[in-house]
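Data first, discussion second: the structure below is written as structure tokens.
The values are calculated or read from the model by the stated rules, or taken from the named source; none is laboratory data. These numbers come from a predicted model, not from an experiment. Reconstructed Cβ throughout: ideal geometry from the backbone, glycine too, with neighbour counts over all protein chains shown. Calculation scope for accessible area: heavy atoms of the full protein, side chains included, ligands and nucleic acids excluded. Shrake-Rupley method; radii C 1.70, N 1.55, O 1.52, S 1.80 Å.
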Amino acid sequence: MKKSNNMKALNFFKENMGIIIALLVLAIFLTVFPATSSSFPTTKNVFNVLRQISTNMLLACGMTMVIILGGIDLSVGSVIALSGVFAAGCVSRYGMNIPSAMLIGVLIGLIIGAFNGFVISRTTIPPFIVTLATMNIARGLSGVYTGGSPVRVVSKEWQWIGAGYIGIFPVPVIIMIIIFIISVLIMNRTKIGRYIYAVGGNTLAAKFSGISVSKVKFMVYTYSGLMAGLAGVILASRMYSGQPTAGDGAEMDAIAAVVVGGTSMSGGYGKLGGTLVGALIIGILSNGLNLMNVNSFWQTVVKGIVILLAVFIDYIRNLKKSK
């Protein structure tokens, strides 16, 4: 068993050598670069980076499954906003207790994910179109519910899940680790995980082998929505309010983490371990650019270049496989 685990770890490092080296080079550069050397390699900043990537990693866990399946989920950023404002509204407007309000926020994400999964699995409408529609619906509903203004919650209990600590560890980081482990177990230790790879690799062959393709699609998109709902509640807690603009562009960060982590956009191939490395690269890159006081618009340009490079590498890899 120990030998098997060692082999898996070795294979992971071999398969992800490029992005692991990129992560180390980026971290070393920010450690020695004069503008960031005093602030980047500190315990406080390390936990700050981990806290910042926690919500993106939750989205990326669901997005990895979706992309391995051969799909895409553009709705997750808007679901963050909708889940956050409704959870906050349940507390500030209706006097609901905080655990129940947060549960409602998470359930909203699950319901939207289930709706995406139902439509995608039961029709031939492309996932891009379905999730683009729900992205706009969820974002619009967030604005309608709030009137465009934040829904504030002034309570230490509310702030704990997004800004609290257990010992020295931020609560969102602990949640991220738990969700990551659960997601890895789903992909590597369950039938549904094997089915996701099978459907993403060859949908027709998976169908002929007895796999319920529609069921797999439904479950994957539901899980992605659930992760977005949880991320929305955590972000609303961290910001002390539900914001109708929260999660704007979050779907792009999640896709970036997944693609940089080596998951193929054509489906059938990818690892959550690579997604974690990808999320760390995106998070450290953003943190480093902030410490350098780089304009936010230029930060978006840099992220776009990183995504383009990752997709190009994926293209080259697929080209070599086809020869």
How do the helices (runs of 4 or more DSSP H) wholly within the range 225-323 filter down when requiring 3 or more residues that are touching a Ser or Thr at 6+ places or on another chain (Cβ under 6 Å): which remain? 272-291
Restricting the search to the range 134-165, which residues are within 23 Å of the chain's Cα centre (by Cα) and either among the basic types (Lys, Arg) or open to solvent by 70 Å² or more (accessible area, probe 1.4 Å) (or both)? Asn136, Ile137, Arg139, Leu141, Trp160, Tyr165
As an exercise: evaluate Ser39 against (1) surrounded by fewer than 22 Cβ atoms within 10 Å (Cβ to Cβ); (2) assigned to a helix (DSSP H, G or I); (3) polar (S, T, N, Q) and give the number of the one condition it does not meet. (2)
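Looking only at residues in the range 50-78 that are part of a helix (DSSP H, G or I) and open to solvent by 10 Å² or more (accessible area, probe 1.4 Å), which one is modelled with the lowest pLDDT? Walk me through it before giving the result.
Pass one, the range 50-78, residues part of a helix (DSSP H, G or I): 50-68, 76-78.
Those left that are additionally open to solvent by 10 Å² or more (accessible area, probe 1.4 Å): 50-52, 55-56.
On the way: Leu50: 94, Arg51: 94, Gln52: 91, Thr55: 95, Asn56: 95.
So the residue we want is Gln52.
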Just to be sure I understand, how many residues within the range 110-133 are farther than 15 Å from Val66 by Cα, under 20 Å from the mean Cα position of the chain (by Cα) and in contact (Cβ under 8 Å) with a residue 60 or more places away in the chain? 1
Hits in the range 256-272 - residues which are open to solvent by 20 Å² or more (accessible area, probe 1.4 Å) and of a type outside the set (D, E, K, R): Met265, Ser266, Gly268, Tyr269
All positions within the range 180-213 that are surrounded by 11 or more Cβ atoms within 10 Å (Cβ to Cβ) and of a type in the set (Phe, Trp, Tyr): Phe180, Tyr195, Tyr197
